Structure formats: C-alpha cells, structure tokens
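Novice: Could you have a look at this structure, given as structure tokens, before my questions?
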Amino acid sequence: MEIQRLKYFLRLSETLHFSQTAAEFNMAQSVLSNHIKILEREFNCKLFDRSNRWKVSLTPAGEELVEQTKNLLRTERSALEKVKAASRGETGILNIGFNPSALNLAQLLHTFHEISCNYPAIHLHLKELPSETIYELVQNDQLDVGFLRIYPGRDGELACHQIAAESLAAVLPPKHPLHNRKSIRLAELKNDYFLLVGRKESRTLRDVIDAACQKAGFVAKVRTELASLMTILRLLDDLNAVSIVPAAFQKRFPELVFLPLEDCDVTLPEAVIWKKSNPSAVLKTFLRTFRNVSASGQ
C-alpha cells in the first residue's frame, strides 16, 4: 500500500470534495477517484458514501482508516526524523574507553554534560580500562574513542590528538631520608625498593620509567608490580617503598612526598584516539563537542 495514496485519502476525508482535493494535488479528478477505488479494493469495503453527487461522506470503515492513517503518517515522520538525526550525529551509541590516571576527568564530564543537554538521544557508554587495552579495542572497532597515555603516531589507522603532556615525579613516604628535598635525581633512589605499575596494565608508563632508570645508571629493584597507580600510592608508606608516577597525582595524595626529577625530562602525552575509518556520525559530534569544551577551558 502506497503512503502517498493514503495521503490523498486523508486529505479527501478532510475536504469531502473530489474536485477540490484533486486540484490541490494537481491531478485530474478521475485519477484521484481511481486511487480511492484502489484503496477500497485493497480493504474490500467502501470508504466514502457517494450518494450525494455534490459532496461525499465517510463510511464507518473510512473513519477508522482516517485514524489509522494519521497514526501511520506520524510513525513515518518520526522514523524519518530519527534517520535524519542519526545522519547528523544527533542520536546513537558511542563506546568510550578511558584511563583515569591519564585524563582530566572534569573535562570529559563537561563534555558529557554538553552532549546530554544538546543531544539527549546520544547514549555514551564509558569503560575504565588500561591504556594498552583501550588502544587495542579502538584498533579492533570495539571502542569508538579512547582517552589514554600513548606515544602519538604509533598506528597510521588511528587518529591521535594530544590533549596534554605530563611530567613524572618521584614519590616517597613521609619518613624517607630524602623527604625534605625540593627535587631529586633519580639515581639517588637506586638502593630503594620500588612499587611500579605492571607493564601489562600500562606498557607506555612502565617503558618510560624503566628507560629513565636505565639512563640514570640502574635497574629499579621492584618490590611488587600492581595494576593501579592509586593502589601503589596507598601502599607506599606501609611497604616502605618509593615509586615514579605522573606528577598530577600529588593533588590526590598530599600526605606523600612528590619530588620533581632533576635528571628526567620525559613527559607522558595524554591523547584522545579514534579510528580514521570509523563512519560514526555520533563520533564526529562527540569530538566536536570535546574540542569546544577544551577550547572554552572547562
């Protein structure tokens, strides 16, 4: 059944006048009559009472078809609007991976707020994951976008936009002999035991730490490896160990001693990545909103 034929019927049900309705659609009255006859054959019933030669009236079946046609056309309009909204990136699902130690979460939350206000039909699914896992899942199309620590330019298939660069700091328990220092050379910690993040959980960060220690002339004596930097910092005093972490963690652990490294100028890039071939219009909306939030300094 053609939607357009139902539109002819609906307008005729309003005018109850064949010649007027035909003129509105720029067609001959006989053509309109033929469309109505086709509908009546399809439904096997009369839709109009034509006993009055000047003006027709709806039959009970015609009145019911009016209501059903209005419902159908509303559904059609709704479907078309949803398709158009999807093409504009205003509706859909976006899967996001993030490493909390490598991201200004406030910036991401501001982005979520902007999207929820301006694009309520977009659903953002957020997963907290290690940087390396995020990288692999974006590569394999299991995540649309990732916020992580990474060396830009590692993969030509991925777009990578650096959003920050963070320095490393040595972290000491409050009772450490060097706790009163303003800064420290990494080599001064060669005899200490370290708590370090595991390579499986954060290969980028661990590679940077190991390379920095090697440059300082020693291999770190690792007491234990842990998956979470937060856990490392909570256990540092209890295990009488030291660590190397991004300097931004100082805000969360003011009871520990964070010292700038005099002989280590390496920075950790914080980036947002996505696959260049990802066709998602929602991804474009998200990235545009994120850039706007970043530019506004929120």
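The values are calculated or read from the model by the stated rules, or taken from the named source; none is laboratory data. Model, not experiment: these values are computed from the prediction. So basically every Cβ, Gly included, is an ideal-geometry build from the backbone, and we count neighbours across all protein chains shown. Surface areas here come from the heavy atoms of the whole protein model, side chains and all, with no ligands, DNA or RNA. Shrake-Rupley method; radii C 1.70, N 1.55, O 1.52, S 1.80 Å.
Novice: Does GLU201 satisfy the criteria of being under 38 Å from the mean Cα position of the chain (by Cα) and either closer than 15 Å to ILE273 by Cβ or open to solvent by less than 20 Å² (accessible area, probe 1.4 Å) (or both)? Walk me through it before giving the result.
Specialist: Details: under 38 Å from the mean Cα position of the chain (by Cα): yes; either closer than 15 Å to ILE273 by Cβ or open to solvent by less than 20 Å² (accessible area, probe 1.4 Å) (or both): no.
Considered against the rule, which asks whether it is under 38 Å from the mean Cα position of the chain (by Cα) and either closer than 15 Å to ILE273 by Cβ or open to solvent by less than 20 Å² (accessible area, probe 1.4 Å) (or both), GLU201 comes out as no.
Novice: Out of all the residues in the stretch 232-283, which are of a type outside the set (S, T, N, Q) and under 30 Å from ALA121 (Cα atoms)?
Specialist: First pass over the stretch 232-283, keeping only residues of a type outside the set (S, T, N, Q): 232-239, 241-242, 244-249, 251-266, 268-276, 279, 281-283.
Hits for the stretch 232-283 are GLU270, ALA271, VAL272, ILE273, TRP274, LYS275, LYS276, PRO279, ALA281, VAL282, LEU283.
Novice: Can you tell me which residue is modelled with the highest pLDDT among those in the stretch 122-149 that are in a helix (DSSP H, G or I) and β-branched (Val, Ile, Thr)?
Specialist: Taking the stretch 122-149 and keeping what is in a helix (DSSP H, G or I), we get 131-139.
Then keep just the ones that are β-branched (Val, Ile, Thr); that gives 133-134, 138.
On the way: THR133: 86, ILE134: 88, VAL138: 93.
Among those residues, the one meeting the criterion is VAL138.
Novice: Turning to a different aspect of this structure: Of a type in the set (Val, Ile, Thr), without any contact (Cβ under 8 Å) to a residue 40 or more places away in the chain and not in a loop (DSSP other than H, G, I, E, B), is that true of THR204? Working first, answer last.
Specialist: Working: of a type in the set (Val, Ile, Thr): yes; without any contact (Cβ under 8 Å) to a residue 40 or more places away in the chain: no; not in a loop (DSSP other than H, G, I, E, B): yes.
No: the conditions fail for THR204.
Novice: Sticking with this one: So the check is Cβ under 8 Å with 6+ separation or different chains; which pairs have a first residue in the stretch 117-131 that's closer than 25 Å to ARG149 by Cα and a second one that's part of a loop (DSSP other than H, G, I, E, B) and charged (D, E, K, R)?
Specialist: Pairs that qualify, where the first residue is closer than 25 Å to ARG149 by Cα and the partner is part of a loop (DSSP other than H, G, I, E, B) and charged (D, E, K, R), are PRO130/LYS200; PRO130/GLU201.
Novice: Give the residues of the stretch 256-298 that are open to solvent by 60 Å² or more (accessible area, probe 1.4 Å), on the phi < 0 side of the Ramachandran plot, more than 14 Å from the chain's Cα centre (by Cα) and not hydroxyl-bearing (Ser, Thr, Tyr), sorted by residue number. Break it down into steps so the answer makes sense when it comes.
Specialist: Pass one, the stretch 256-298, residues open to solvent by 60 Å² or more (accessible area, probe 1.4 Å): 260, 262, 265, 267, 276-277, 279, 284, 288, 291-292, 295-298.
Cutting the leftovers down to on the phi < 0 side of the Ramachandran plot gives us 260, 262, 265, 267, 276-277, 279, 284, 288, 291-292, 295-296, 298.
Adding the requirement that they be more than 14 Å from the chain's Cα centre (by Cα) leaves 260, 262, 265, 267, 276-277, 292, 295-296, 298.
Passing the criteria: PRO260, GLU262, ASP265, LYS276, ASN292, ALA295, GLN298.
Novice: Still on this structure, I have one more. Determine, yes or no, whether SER183 is of a type in the set (Gly, Ala, Ser) and within 14 Å of GLU262 (Cα to Cα). If you could, list the steps in order and put the result at the bottom.
Specialist: Numbers: of a type in the set (Gly, Ala, Ser): yes; within 14 Å of GLU262 (Cα to Cα): yes.
In short, yes.
Novice: Which residues, taken from the stretch 153-181, are in a loop (DSSP other than H, G, I, E, B), within 22 Å of PHE218 (Cβ to Cβ) and touching a strand residue (DSSP E or B) at 6+ places or on another chain (Cβ under 9 Å)? Give the steps one after another, and end with the answer.
Specialist: Start the filter on the stretch 153-181 by keeping residues that are in a loop (DSSP other than H, G, I, E, B), which leaves 153-157, 173-181.
With the extra rule that they be within 22 Å of PHE218 (Cβ to Cβ), the set shrinks to 173, 176-179, 181.
Those that are in a loop (DSSP other than H, G, I, E, B), within 22 Å of PHE218 (Cβ to Cβ) and touching a strand residue (DSSP E or B) at 6+ places or on another chain (Cβ under 9 Å): PRO173, HIS176, LEU178, HIS179, ARG181.
Novice: Wholly within the stretch 221-298, which strands (runs of 3 or more DSSP E) include no fewer than the required count, namely at least 1 residues that are among the aliphatic types (A, V, I, L, M) and in contact (Cβ under 8 Å) with a residue 40 or more places away in the chain?
Specialist: Values: elements: 221-226, 243-246, 257-260, 267-275.
Because the criterion is at least 1 residues that are among the aliphatic types (A, V, I, L, M) and in contact (Cβ under 8 Å) with a residue 40 or more places away in the chain, the strands (runs of 3 or more DSSP E) in the stretch 221-298 that meet it are 243-246, 257-260, 267-275.
Novice: Could you pull out the residue among ALA211, ALA216 that is over 21 Å from PRO174 (Cα atoms) and surrounded by fewer than 14 Cβ atoms within 10 Å (Cβ to Cβ)?
Specialist: Working: ALA216 fails: surrounded by fewer than 14 Cβ atoms within 10 Å (Cβ to Cβ).
On inspection, the qualifying residue turns out to be ALA211.
Novice: Looking only at residues that are modelled with pLDDT of 85 or more and in contact with a strand residue (DSSP E or B) (Cβ under 8 Å, 6 or more places away or on another chain) in the stretch 254-270, which one is farthest from LEU168 (Cα to Cα)? Before you say what the answer is, go through the steps one by one.
Specialist: If we filter the stretch 254-270 for residues that are modelled with pLDDT of 85 or more, which is where we start, we get 254-262.
Then keep just the ones that are in contact with a strand residue (DSSP E or B) (Cβ under 8 Å, 6 or more places away or on another chain); that gives 256-262.
Numbers: LEU256: 15, VAL257: 13, PHE258: 10, LEU259: 9, PRO260: 7, LEU261: 7, GLU262: 10 Å.
Only one residue tops the list, namely LEU256.
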